[in-house]
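**Q** Let me give you the structure first, and then I'll get to my questions.
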Amino acid sequence: MTIMGIPSDRFLEDNVSMDQLSMPDFHELKMRVLDSATDREAISIIETFIKRRLYNHDTDIYLKPLQRVCQEIALHPDINMDRLSDIACMSERQLRRIFSENIGLSPKQMLRTRRFLHATHMIRSLHSPNFTDIVADLGYTDHSHLNKEFRYFAGMTPTQYMRHLLEIKESNFIKGYFAYHTE
């Protein structure tokens with residue numbers, strides 16, 4: 001309700017164009033996201049937009065707890081639902097309901113997404129395919145859990161993702177090399 005002026009949960013698992021919402025703020029957001037150079041920048045723009053909308057509606061008694069929950073998810077992708085419920089000072093069921101109504105997705109969905117983003121950043125920084133640290137640092141139960149989540153979001157396993165990144169690096173290197181070393 002807070003972010004769009006209508007219950008966000010009406011859009012759960014539905015693809016709605018920002019233009020259909022007929023709100024000038026959303027048109028500006030869309031343009032900024034489309035103009036962003038990287039996915040990370042686009043995500044940051046969206047998160048800032050949501051936070052600003054939440055902060056501007058301080059009259060809702062649930063907004064401060066939701067802000068704290070969002071901050072904790074951003075800072076600690078390994079956090080669990082019990083801890084988030086404690087931070088929000090509400091039951092897990094109530095947190096899921098209120099979070100979904102105001103944010104448009106469940107806290108679990110936001111956690112999974114944030115955890116996946118952290119995993120991709122960690123994989124990009126690895127030099128060998130040892131994913132034990134990622135599993136431990138991000139709160140995955142085991143390597144199988146990491147694989148399942150990665151497949152859900154990326155359509156490939158972490159190992160396949162790492163190989164894909166290496167192929168892109170090699171391909172760009174080879175293209176760059178030949179661009180400067182051919183007649």
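**Q** Hey, if we sort CYS89, CYS70 by accessible area with the 1.4 Å probe, largest down, what's the order?
**A** CYS89, CYS70
**Q** Here's something else I'd like to know. Where does each of LEU105, LEU166, LEU63 land when they are ordered by accessible area, with a 1.4 Å probe and the largest first?
**A** The residues order as LEU166, LEU105, LEU63, largest area first.
**Q** Enter the accessible area of ILE103 (Å², nearest 10), with the probe set to 1.4 Å and all protein chains included.
**A** The accessible area of ILE103 comes to roughly 20 Å².
**Q** May I pose another question? Taking only protein heavy atoms and a 1.4 Å probe, what accessible area per residue, in Å², does segment 27-144 have with all protein chains in place?
**A** That works out to 58 Å² for each residue.
**Q** In terms of solvent-accessible area of protein heavy atoms at a 1.4 angstrom probe, what is the ranking of VAL69, VAL33, highest value first?
**A** VAL33, VAL69
**Q** Less than 18 Å apart at the alpha-carbon level, and either on another chain or at least 8 residues along: which lysines does that give for LYS148?
**A** Leaving aside lysines fewer than 8 places away in the same chain, those within reach of LYS148 are LYS108.
The values are calculated or read from the model by the stated rules, or taken from the named source; none is laboratory data. Quick caveat: nothing in here was measured; it's all calculated off a predicted structure. Heavy atoms of the whole protein, side chains included, go into the accessibility calculation; ligands, DNA and RNA do not. Shrake-Rupley method; radii C 1.70, N 1.55, O 1.52, S 1.80 Å.
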